[in-house]
Amino acid sequence: MQAENPNLWQYAPANSPLPLPEGPVIVTKTAIHYLTKSDEEEVSGELLNLQDIQQYCSNYTSEGKTIDSILSLEKAELLQDRKPFLLLGELANPFQLNRLNIGPMPIFTIRLENLCRTYADALDSRMINPGIHHVTLARSEGWWEKTHMAMATIGQMKSMITWLNNGRRAGDWKPVKPAEGIIRFENDFHLQSPSMDMLHWDGSTESVKQETPQPTGPSIELKQIMAPIHTKWGCYDSRGKLIRCSLVGQRDFHTNYFRRGSSKKWQDILKIE
């Protein structure tokens, strides 16, 4: 049974950010609208620009209602006034997102390719001691995984970054545009990331040699996407390796990995525009 109200969505800091929505949703103050897309289009090699992204998102509906009609009922900005923003960690959890009180937000399932979600080498102690490790972005050759992307207003983006920065407008978390990897819409909501056994370590870097699954949605121009990254310590460095969120949960990471390594500088893990 899927929760119909964000206040009823499961959330426990020690297990952050799980559980996350399996597919696209709109989160409002009092409801979670589950989105579906009826038409199965042929995936082309074209990159979607901002107008294309907005148009693609408009093809999703919830019980016959368009996204814009739901947003209009909530007196919120329509898709034409929204831009892509990656929700890499608990900001994609409807319970946590609703606590920010920043208004309705459509959230879509996307796939990262040659990029991965990994833990920032920092702690947020507002909800639990010693704290939660938020999620940042890093390059990862051959890797793929499913994550989330919001269509957010500029004001909502600023509010999410401010929240990551513990209520400060300026801090260690910054919104950036990735300049490497592939980000595409994902319509296989059961897509599995590579297993730990599929990671190849050559002594300096990890990579995945297996073929990436066939795309189920179009790719997005990277310059259209904003992503929150941690710019002070970048991400956790486990003896040269990345700790991928899809393989290692929050509790496992903190208990078995954290403070047993060092940190990777953000400039060394991701190219940005």
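FRET efficiency for the K29 to E141 pair, using the beta carbon distance and R₀ = 30 Å, is estimated at 0.15.
If you run the Gaussian network model on the chain, springs between alpha carbon atoms under 10 Å, then out of W163, W144, W201 the most flexible one is W201.
Relative to one another, the C-alpha centroids of segment 65-87 and segment 197-273 are positioned 30 Å apart. Ignoring lysines fewer than eight residues from K177 along the same chain, the ones with Cα atoms less than 21 angstrom from its Cα are K83, K146, K158, K223, K232, K264, K265, K271.
Sorting the segments 107-119, 89-101 by their mean number of nearby beta carbons within 10 angstrom, highest to lowest, gives 107-119, 89-101.
First measure r as the distance between the Cβ atoms of I128 and S69, then evaluate 1/(1 + (r/R0)^6) with R0 = 41 Å and state the FRET efficiency to the nearest 0.05. Efficiency for this residue pair is about 0.60.
Each peptide in 131-143, 65-77 receives the mean, over its residues, of other Cβ atoms within 10 Å, and ordering these scores from highest gives 131-143, 65-77. For the peptides 148-161, 169-182, the ranking by packing is 148-161, 169-182, with the highest mean count of neighbouring Cβ atoms within 10 Å listed first. Take the alpha carbon atoms of segment 148-187, find their center, do the same for segment 99-131, and report the distance between the two centers in whole angstrom. Comparing the Cα centres of segment 148-187 and segment 99-131, I get a distance of 9 Å.
Seen against the Cα atoms of the chain and their longest principal axis, helix 154-164 is set at about 30 degrees. Using the Cβ-Cβ distance between R168 and F189 with R0 set to 41 Å, the FRET efficiency works out to roughly 0.70.
Here the 3J(HN,Hα) profile of segment 267-272, calculated from phi with Karplus coefficients 6.51, -1.76 and 1.60 at θ = phi - 60°, is 5, 8, 10, 7, 7, 10 Hz, Gly and Pro shown as x.
Scanning residues 5 or more positions from I132 or on other chains, those with amide H under 5 Å from its amide H are D124, S125, R126, M127, with H placed 1.01 Å from N in the peptide plane.
For volume of the Cα convex hull per residue in Å³, the candidate list reads (1) 149; (2) 126; (3) 137; the entry that matches the value derived from this model is (2).
Bear in mind these aren't lab numbers, they're just calculated from the coordinates by the rules spelled out. Predicted model only: the values in this text are computed from it and were never measured. Cβ atoms come from the backbone with ideal geometry, glycine included; neighbour counts cover every protein chain shown.
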